[in-house]
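Input: a single structure, listed below in structure tokens.
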Amino acid sequence: MTRFILTLSLVVSIFSSFACVQKGGTGPGANTGDTIKVGVYGDLTGATSSFGQSTKNGVELAVDEINAAGGVNGKKIVIVSEDDQGRPEQAKTVVSKLISQDKVEALLGEVASTNSLAAAPVAQEAKIPMITPSSTNPKVTEVGDYISRVCFIDPFQGAVMAKFAGNTLKAKTAAIFGDVNSDYSKGLTQFFKEEFTKLGGKIVAEEAYTQNDPDFKGQLTKIRDLKPDVIYIPGYYSQVGIIAKQARELGMNMPLLGGDGWDSPELWKLGGDALKNAYISNHYSADNPAPEIQNFVKAYKAKFNVVPDSLAALAYDATKVLADAIKRAGGTESAKLKDAINATKDFAGVTGKITLDGKRNAVKPAVVLELVPAESKFTFKETIAPEGSAPATAAPAANAPAAANTTAANSNTNK
Ligand code: PHE
């Protein structure tokens, strides 16, 4: 019996090492099969699950299109998707599993910066390229050269809203109400503050909440007493909707400002009319009449029956950038693929032209959107270009010359 087990285990080990060569090749990502495995991870369940759902949808639409056109280098892309429930430890666990068990050749995810930050070291260590479609905190790509992103970063995003507050809304004072457990929120708090102060504005209050707070009225009352011209709330929709409601209940009618983290179809259900007089920075506007955007919106709506949010658009772009890099690298050998991703230049995405800088961050314009709760809709206000390209411009009046609203690096400008 013992001998039988020994023989069996020998056979198994020979077989599995053979299987390993078949699958894994000579190094990470060296695939010899006829498909390319890509891991997608995010919060398909939990407090901000519309982030994960939209991301998965965006990836799926892109993969459908890529495969229908023959795949990449003759290979079809196969997605392996994992739910991390929006928890950092779980993000780390599922990424380990995608790499060691599923042998994915590249990773797409996460959305929330805190979750990307938890998982990125695993990908870096295993040398599996990871592109986050939407994590904007600068620290994410600082984890290492296998980690990149197709979105702008928060020093820019925070400054965009500070400029909008100071220059467009003419606010002189602001309060900040941020999520103390989120790297995203902490970063935006700092970057908004720096820029708003630079513009001559004054931060009169800085209050914090946690995602488990049942009520925000204590902090909001403190803010109310200081009468700021605007309140900046760099958080996620799951809290922001409720915060907006409670602020209005306390008689606070000043503009509420936020970032991409507000973007969810769920926001309207949570905040309703309280979301009037509110503005966010974001990655794209579904209203933009540019044909590349409208074609995407149409295809996404046909498949999922909803208007794509910025997460869907970024995930779609990240997938296409990955496919393009695999093509240029001639395969998924991980060092080559990482270099090809990091060399992405002028890639025409739905969210604008994507060029990765030396720190593997995309340099792109942002849009400012106004919330219209009556229509459950974000409408376009203005495009703000990153420093170094054309100056930031306000949306022109209908009869202003079109040129006043164009920005150098932007195919995404909405008129
Ligand atoms: N930028 C957010 C983060 O880093 C995630 C996000 C992007 C949320 C786009 C919504 C829309 O945490």
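Quick note: the coordinates plus some simple rules give every number you see, no bench work behind them. Treat the numbers as computed from the prediction; the structure is a model and nothing was measured. Note: ideal-geometry Cβ built from the backbone for every residue, glycine included; neighbour counts use all protein chains shown.
For the pair segment 163-200 and segment 294-349, the centres of their Cα atoms are 31 angstrom apart.
For the chain, the fraction of C-alpha pairs more than 41 angstrom apart is 17%. In the distance distribution for segment 137-203, Cα-Cα pairs more than 15 Å apart total 54 percent. Computed over segment 71-229, the Cα gyration tensor eigenvalues convert (square root of 5λ each) into semi-axes of 37, 18, 11 Å, ordered from largest to smallest. When only the Cβ of Lys, Arg, Asp and Glu is charged (+1, +1, -1, -1), the dipole of the chain relative to its Cα centre reaches about 380 debye. Amide H contacts of Gln211: Asn181, each under 5 Å away and 5 or more positions distant or on a separate chain (H built 1.01 Å from N in the peptide plane; Pro and chain starts excluded). Excluding same-chain neighbours fewer than eight residues apart, the aspartates and glutamates reachable from Lys186 by a Cα-Cα span under 13 Å are Asp154, Glu194, Glu206, Glu207. The base-10 log of I(q)/I(0) for segment 31-151, evaluated at q = 0.14, 0.17, 0.19 Å⁻¹, reads -0.53, -0.78, -0.97 [Debye formula, identical scatterers on Cα atoms, solvent excluded].
Highest-first packing order for the peptide set 265-278, 33-46 is 33-46, 265-278, based on the mean count of other beta carbon atoms within 10 Å.
Of all DSSP beta bridges located in the chain, what percent are antiparallel, nearest 5? Given both bridge residues lie in the chain, the antiparallel proportion sits at roughly 35 percent. Residue pairs exceeding 31 angstrom between C-alpha atoms, taken from Lys139/Lys301; Lys139/Lys163; Lys56/Lys170: Lys139/Lys301; Lys56/Lys170. Think of it as helices only: each DSSP H run of n ≥ 4 in the chain is worth -39500 (n - 2.57), and spread over all residues that comes to -13000 deg cm²/dmol at 222 nm. Annotation: amide H of Ala278 within the under-5 Å range of Leu256, Leu371, sequence separation 5 or more or interchain, hydrogens built in the peptide plane. Taking all Cα pairs closer than 8 Å and separated by 6 or more residues, the relative contact order of segment 152-295 comes to 23 percent. Within the chain, helices built from complete DSSP H runs that reach 30 Å or longer along their own axis (Cα positions) and carry a mean Kyte-Doolittle hydropathy of -1.0 or higher are 2-24. Ordering Gln101, Gly46, Ser376 by the projection of their Cα atoms onto the charge dipole of the chain, which places +1 on the Cβ of Lys and Arg and -1 on the Cβ of Asp and Glu, puts Gln101 at the extreme positive end.
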